[in-house]
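The values are calculated or read from the model by the stated rules, or taken from the named source; none is laboratory data. All values derive from a computational prediction rather than experimental measurement. Because the Cβ atoms are built from the backbone with ideal geometry, glycine has one as well, and the counts that use them run over all protein chains shown. These area figures cover heavy atoms from the full protein model, side chains too; ligands, DNA and RNA do not enter into them. Shrake-Rupley method; radii C 1.70, N 1.55, O 1.52, S 1.80 Å.
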Amino acid sequence: MIFKISHQLIIFLCLFLSASTVLSADDKSINFTGPEIYKLDWNTRSVSGADIDNNSAKDIILINNDQTKIEILYQNRADLYRKKQQLQKNWQPVLEDSRFVKKGLVTGFKMNALAVVDINADNRTDLIVSSKLHGLSIYLQKENDQWHKARHFDFLQPSTHKESLKVVDIEQDGDQDIILLGKEILYILYQDANNGFTIKQYPLSESNYFSLKIVDINKDKRLDIVYFARNSRYSLRVNLQNSDGTFGAERMFALPTPNEQISFYRQKGSDAVSLAYVQKKMNLVNVGHFSLNHKKNSPYSIALPHVYPLAMDGVKSPNYAIGDLDGDGLKDIVVGDYKGAQVWFYKQQSNGQFSNPIAYPSFSAVEALAIADLDNDGHNELFSVSKKEKLLGVSSFINNNRITYPEPLDISGQPIALTASPVASSNTMSLITLYKHKKKRLLRIIQKDAVSASWKTVQEVELSQLKFDPSGIKTVDINHDGLYDLLIFIMQKPAIVLLQRSNGEFSLIKDKNFSRGLLDNIKPGDMTMGALGNGEGKQVFIAGKGFARAIGWSKKQQLKVLDQYNTVDKSRRVASILPVNVDQDEAKELLIYQANSERLELYKQDETMVFRALNSYQVGQIDLLDSYVWPASKKQKSRIVYLGSDRFWIIPVGENDISFKSTAQFETSLDEVYFDFITAGDLDQDHSDELIAIDSSYSHMVEILSFNGKQWRSLLNFELFDSLSLDDENGTTSAPRELLVEDFNDDQRADLLFIVHDRLLLYSR
């Protein structure tokens, strides 16, 4: 039977059930008095603590969406309390302690998240909120509890989660910056010395992120960004700050069914970055820490993918170009935005990371890209094809800061596809293009004349068997003669093969020159090339369902299978097969990724000379379009590159990288307690954080955990209220829904502040 009772009785029950609680732990004691109870509205969130009025007493600030205002509970303000009493027309019993007096800042709109900080360094605390209506709003404080008119950033699209907004000096230049999780974008508002903001947008690989944290993960004295992804097995995401202050790659770590909040905590005597979270629908608290992988621990370990989400709508699969476009000796990546009439430039940095993508105007409906130095001037250019605009154009990277708009090449016909390749008869690269001209489809080899500086077609081949546009073209040395040949891929049809001859011309190979079905219905990404280190030079690999093959050219001028590599999972098609020297010995291994999989598998040759599965790695999922191995250079070690439909991956080979390892679990001994979230705080002043775990859905229990150097143990538990005694008029019994660990009575000891239904409960030390 559920009884409906008054708020006064709720207060009494809270006081009765949660009165002064003391527990001795070693030489220290954790004790609380209270709770002090303060009336709120039901739809409140994002509780914070700060000294708003500079009276040396910490105030309470939170969002009140029932009244569309920011609620401020000023502490020790007798002037506001007297004013409040004077304005009351009817006498009411005092149900709240007069230590805090409420005063609101009306915004007029519902808010998502709140940050309380002195953003403009004028020694007055300011208020920053995110919302659907205005994106991001900054309220600067004036004197005498007054506020300036809000500055809105309406074009931002923030997350609806209450932990999606942080204000920190991310650049460590003395100015506070704003970090905001968006729906599919991470926004960083960098503040300058004049209180202006430069906004940078970093695309996210998914939507609906939450639990934003700012912490130095890899101990390089730069602040990094951590957040959670909902409904993903790889829910823990980390974005490390680059040496130039930018961000780029997401790192994904698998966590077992985490709940909606993570908490970082400090352990005495440890410099590891430690994290705690609650495993969903379990009575388990999981803890772990970040560290650097060391290759000596396992010769077959590889780094997790560095994930770069694409900054575009997925109307059509993107097209990529890879090459050193800015002339710094490092390969960059350019991605064509079909819908946006632009290309995105990802500049590679000296540490192997890629900077924030920058968009430059280009043709509409870009279909194909290539990076090559066709004029032999030592600088690569970017070539673009728009089938819609019937244009083939060339762009340059100028002034070390931008890509020019494409200059159209004066060549007749409608361009369809494009790639670049070295040609035997020339010391320069050539463009290999497919054109449609008067219902015919033509292959053209285009070069730039060194004398006249004009573009000319040096060879043209009619492809009469090509009745519709292909799915792509690719250059590989399919007959192992040191010259790059051309494959044209056709959906549901065998690929067309053109061999390059010693004079630089391409000749069409008839179907009878390769086995039936060998090249049927394959895509450009199904074919890769690399050397296994067995003295046979580079080989061409073709993906299949449940297997992959190495192919070559026989003495009878026929394409044949040289070897086959069977995968463990026979039901999935191989999406990529790459030879990679993971263990740094003389022979390479094969790294295989299968479609719709979340694992990379490593295959190594055994004593029978057969490649068999040796190891697998949890890496997440990518809709793969193509893949490459970038060989090691003087500037960096080898890189594995996976190009996908909505993101690309970079995997360093033979380098240390961050990892996350679960180190311990705590399972409560309390009956029918299932934790929902966890918060960290140093409650006993020993420079090591305790964990406060909360069941807000069923038992409404609070349990305080401590680490004794070997394991986590329970210090204290108490029930906030009896759920059977409440009939929630708002249809939810989820409480408490928030906890803030702060020192509110200035005794240098942390207090606990809970939001429970329409009340604040403050437990002081």
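Here's the picture: charge each Lys and Arg Cβ at +1 and each Asp and Glu Cβ at -1 in the chain, and of Ile225, Val641, Asn112 the one pushed furthest to the positive end of that dipole is Val641. Heavy-atom accessible area for Ile473, with the other protein chains in place and a 1.4 Å probe, reaches approximately 20 Å². Solvent-accessible area assigned to carbon and sulfur over the stretch 282-436 amounts to 47 percent, based on a 1.4 Å probe. Amide hydrogen proximity for Arg572: with H placed 1.01 Å from N in the peptide plane, the residues at 5 or more positions away or on another chain lying under 5 Å are Gly546. Taking a point 7 Å out from the Cα of Leu508 in the direction of its Cβ, the residues of the stretch 442-471 whose backbone N falls within less than 19 Å of it are 442-446, 458-471. For Ala531, the amide hydrogen comes within under 5 Å of the amide hydrogens of Gln539, counting only partners 5 or more places away or on other chains and with H modelled in the peptide plane. Report, to the nearest 10°, how far helix 7-17 tilts away from the longest principal axis of the Cα atoms in the chain, using its own Cα long axis and a range of 0 to 90°. Between the helix axis and the principal axis of the chain, the angle is about 90 degrees.
Listed values for the stretch 201-208 are Karplus-derived 3J(HN,Hα) couplings in whole Hz (6.51 cos²θ - 1.76 cosθ + 1.60, θ = phi - 60°), namely 10, 10, x, 9, 7, 9, 10, 6, and x replaces Gly and Pro.
Ser395 contributes an accessible area of around 0 Å² to the protein surface, as traced by a 1.4 Å probe with all chains present. The residues of the stretch 553-675 expose on average 50 square angstrom of accessible surface per residue, using a 1.4 Å probe on protein heavy atoms.
Would you mind working out the accessible area per residue for the stretch 164-276, using a 1.4 Å probe, and quoting it in Å²?
Per residue, the stretch 164-276 has 37 Å² of solvent-accessible surface.
What does the convex hull of the Cα atoms of the stretch 511-606 come to per residue, in Å³, rounded to a whole number?
It is 107 Å³ per residue.
The Stokes-Einstein estimate for the chain, based on a Kirkwood radius over Cα pairs and taken at 20 °C with 1.002 mPa s viscosity, is a diffusion coefficient of 72 µm²/s.
Backbone phi angles across the stretch 404-415, fed through the Karplus curve with coefficients 6.51, -1.76 and 1.60 (θ = phi - 60°), yield HN-Hα couplings of 6, 5, x, 8, x, 8, 7, 10, 6, x, 9, x Hz in residue order; Gly and Pro are listed as x. Taking a label point 7 Å from the Cα of Lys710 along the Cα→Cβ vector, which residues of the stretch 656-687 have an amide N closer than 18 Å to it? Zone members listed by number: 663-667. Between their Cα atoms, which of Lys102/Lys132; Lys132/Lys331; Lys221/Lys604; Lys637/Lys661; Lys331/Lys604 are more than 32 Å away from each other? Lys132/Lys331; Lys221/Lys604, as the Cα separations exceed 32 Å there.
Taking amide H positions as modeled 1.01 Å from N, with prolines and chain starts lacking one, the residues under 5 Å from Leu325 and 5 or more places away or on another chain are Asp332. By how many degrees, between 0 and 90 and to the nearest 10, does the Cα long axis of helix 78-87 differ from the longest principal axis of the chain? The helix 78-87 is inclined about 80 degrees to the chain.
Rounded to the nearest 20, the Cβ-based charge dipole of the chain about its Cα centre (Lys and Arg +1, Asp and Glu -1) stands at 3140 debye. Its relative contact order, with pairs defined as Cα atoms under 8 Å and 6+ residues apart, puts the chain at 11 percent. Once all protein chains are placed together, Val273 keeps about 20 Å² accessible to a 1.4 angstrom probe. For the stretch 296-381, the per residue solvent-accessible surface stands at 36 Å², with DNA, RNA and ligands left out and a 1.4 Å probe. Could you work out the Rg to Rh ratio of the stretch 581-695, with Rh taken as the Kirkwood radius (inverse of the mean 1/r over all Cα pairs)? Ratio of gyration radius to Kirkwood radius: 1.16. Each residue of the stretch 457-464 is assigned a 3J(HN,Hα), and the resulting list reads 8, 9, 7, 9, 10, 7, 10, 5 Hz, derived from the Karplus form 6.51 cos²θ - 1.76 cosθ + 1.60 (θ = phi - 60°), x at Gly and Pro.
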